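What follows is one structure encoded as structure tokens, with my remarks underneath.
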Amino acid sequence: MLSKLKLVLFVLLMGLFSCNQSKDLDQNGNPNKIIIAIYGSGDNQGSLRKALEPTRQHLENKLNKPVSLIFGTDYTTIIEAMVAKKAHIAYMSPFSYILAKRKNAVTPLVVVGENGKSTIYHSIIMSSKKSGITSIEQLKTQSKNLSICFSDPASASGHLVPRGYLNTIGLDPDKTFKQSMFAGSHQASMLSVASGKVDIGCSTIEYGLNVMVQKGLIKPEDVNVIWTSDAIVASPLVIRSDINPSFAQEVKNIYLNMTKENPNAFGSYIKTFKADINNLSYVPIEDSMYNGLRKIAEGIKDLSEIK
């Protein structure tokens, strides 16, 4: 079912965001116009577009090229946009980056950093108050009677990391739970758990639970956080690997200098998921910083539906 849905989404994406392949890059490998892909569910695309408008304008002015934004409803759609050369730059989750990198489709540029070092975040497994589950031990003994939802197939914190952890404690999400599903987004996962529609859910605390609580969409007492992961390196901004390296470096430099040259462009977007942006900036990111996640992915036997 998921594979069919992915095919439909891919076809829709190709039609909606189609561009002439022969005019995609000039003879030097530079984009004639720049398309930036970003994940955004239907309920937040409008606010994201508004938050990213100063960045779009800044890039357009610095590069002297038209810049536009496209939105995918899941991370897999963003991967396909880059692989199919329908976008040039993308905001990716750590896991979607790993999947795209496997196909040699992208090169990492920058990540949000604090005091010059890349920021981190954490995956969580949470339970509904209605479930009565307050610990991992209870989860292990009662899993056959519980439903579990992940956020997005290509999410590190909402899928890869918690699935990997569950496997290490002998819980195969597809076999040892009453029901296993994808909610479609971090917000949907948390709302499903908070409302009691699903017993167990997976998301992130910094960019998920904390944000939802701050916005008043859920109350802290609606869920129990029963597991928190080790640190995960934050989501990278990437560029297509077939683009001229000199142009890629130019784009990278624009982001690295954004806090100095255009703090409004930086802050407008970052404030959508960070309340305090003091000491934050874009910093360089290396592919090797995601090797820890790669090891987790290699340890999970069946990730075929999102490869």
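Throughout, read-outs are computed from the coordinates displayed, never taken from laboratory work. Keep in mind that what you see is a predicted model, and the values were worked out from it rather than measured. Note that we place each Cβ from the backbone using ideal geometry, even for glycine, and neighbour counts take in every protein chain shown.
So how do 174-182, 51-59 stack up, highest first, on mean other-Cβ count within 10 Å? Spell out each step's value before the answer.
Numbers: 174-182: 14.8, 51-59: 18.7.
In decreasing order of mean packing, 174-182, 51-59 become 51-59, 174-182.
Once you've got the GNM for the chain with C-alpha springs shorter than 10 Å, pick whichever of Asn224, Asn264, Asn278 has the biggest mean-square fluctuation.
Asn278
Pick from Ala90, Ala156, Ala265 the residue whose mean-square fluctuation is largest in a GNM of the chain, springs joining Cα atoms under 10 Å.
Most flexible of the set in this elastic network: Ala265.
So who's got an amide H within less than 5 Å of the one on Gly72, skipping anything under 5 residues away but keeping other chains? H placed 1.01 Å off N, in plane.
Ile38, Tyr39, Gly40
In terms of modelled amide H atoms, which long-range or inter-chain residues lie less than 5 Å from the amide H of Ile34?
Val67, Ser68
Please find, in a Gaussian network model of the chain (springs between Cα atoms separated by less than 10 Å), the residue of Thr168, Thr77, Thr107 whose mean-square fluctuation is greatest.
Thr168
Take every Cα pair under 8 Å in the chain that's 6+ residues apart, average their separations, divide by the length, and report that relative contact order as a whole percent.
The normalised contact order for the chain reaches 26 percent.
Give the value in nm², to one decimal: projected area of the alpha carbon convex hull of region 16-174, averaged over all directions.
Values: hull surface 51.3 nm².
The number I arrive at for region 16-174 is 12.8 nm².
Please compute the alpha carbon radius of gyration of region 19-98, then divide it by the globular-protein estimate 2.2 N^0.38 Å. Two decimals is fine.
1.11
In 5 Å bins starting at 0, how do the alpha-carbon pair distances of region 182-226 split up by percent?
Reading upward from the zero bin: 5, 27, 39, 24, 5.
With +1 on each Lys and Arg Cβ and -1 on each Asp and Glu Cβ, how big is the dipole of the chain about its Cα centre, in debye rounded to the nearest 20?
On the way: 34 positive and 26 negative charges, 80 e Å.
Taking the Cα centre of the chain as origin, the dipole is about 380 debye.
Convert each backbone phi in region 220-227 into a coupling constant with the Karplus relation 6.51 cos²θ - 1.76 cosθ + 1.60 (shift: θ = phi - 60°), then list the ³J(HN,Hα) values in order as whole Hz, x for Gly and Pro.
x, 6, 6, 9, 10, 7, 9, 7
For region 197-260, what number results from the quotient of the Cα radius of gyration and 2.2 N^0.38 Å?
Values: Rg = 18.5 Å, N = 64, 2.2 N^0.38 = 10.7 Å.
Relative to the rule-of-thumb radius for its length, region 197-260 sits at 1.73.
For Ser241, enumerate residues with amide H under 5 Å from its amide H, sequence gap 5+ or separate chain, H modeled in the peptide plane.
Answer set, sorted by chain and number: Val106, Thr107.
At a temperature of 37 °C and a viscosity of 0.692 mPa s, determine how fast the chain diffuses translationally according to Stokes-Einstein, using the Kirkwood radius over alpha-carbon pairs as Rh; express D in µm²/s, rounded to the nearest whole number. Provide the component values of the computation, followed by the final result.
On the way: Rh = 20.0 Å.
In µm²/s, the coefficient is 164.
Let's see if you can work this out: charge +1 on each Lys and Arg Cβ, -1 on each Asp and Glu Cβ, no other charges. What is the dipole magnitude of region 187-239 about its Cα centre, in debye to the nearest 20? Spell out each step's value before the answer.
Numbers: 3 positive and 5 negative charges, 38 e Å.
It works out to roughly 180 debye.
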